[in-house]
Amino acid sequence: MVGDVVLWAQLRTSDHGGDEGVVPALEKIVAAIRQRMPRVRIIVRGDSGFGRDEIMTWCEGQRGYFTVWGCRKMQR
C-alpha cells in the first residue's frame, strides 16, 4: 500500500516468465480492493504476455470486474 493505492511488485529469476505467480497476486489484490471498496469497478489489463490459459481462466471465473487483453501484431 502507498496511501490508499494498492501496489504489487514481484522480482523473478530469469528462468520464469512474467506470468509466473500472477493468479495468486490477482487473488490478493482483488481481495484487498474489494475489502476497501466493495462496489468499485475493477478492470484488469494484461498484454499478450499475460494471455495464458491459467490467468484467463481465473479471470473468466470471477464476477464483478472486467478484463482487457492486448494482442501482439501478427507477423507475416
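A few comments on the model shown:
- Considering residues of the stretch 65-76 that are touching a helix residue (DSSP H, G or I) at 6+ places or on another chain (Cβ under 9 Å) and assigned to a loop (DSSP other than H, G, I, E, B) only, the residue modelled with the lowest pLDDT: 72
- Residue tally, condition of a type in the set (Gly, Ala, Ser) and either open to solvent by 60 Å² or more (accessible area, probe 1.4 Å) or assigned to a helix (DSSP H, G or I) (or both), over the stretch 39-60: 2
- Breaking point among (1) open to solvent by 40 Å² or more (accessible area, probe 1.4 Å); (2) under 20 Å from residue 7 (Cβ atoms), for residue 26: (1)
- Pairs are defined by a Cβ separation below 9 Å, a sequence spacing of at least 6 or placement on different chains, a first member in the stretch 21-36 that is in contact (Cβ under 8 Å) with a residue 24 or more places away in the chain, and a second member that is among the charged types (D, E, K, R); the pairs so defined are 22/52; 22/54; 23/54; 36/4.
- Identity of the residue in the stretch 6-64, in contact with a Gly (Cβ under 7 Å, 6 or more places away or on another chain) and of a type in the set (S, T, N, Q), that ends up modelled with the highest pLDDT: 10
- Residues in the stretch 7-23 that are aliphatic (A, V, I, L, M) and surrounded by 13 or more Cβ atoms within 10 Å (Cβ to Cβ) were compared, and the one that is farthest from residue 60 (Cα to Cα) is 22.
The values are calculated or read from the model by the stated rules, or taken from the named source; none is laboratory data. Since the structure is predicted, the reported quantities are computational estimates derived from the model, not experimental observations. Cβ: placed from backbone, ideal geometry, glycine included. Neighbour counts: every protein chain shown. Note: areas computed on protein heavy atoms with side chains; ligands, DNA, RNA excluded. Shrake-Rupley method; radii C 1.70, N 1.55, O 1.52, S 1.80 Å.
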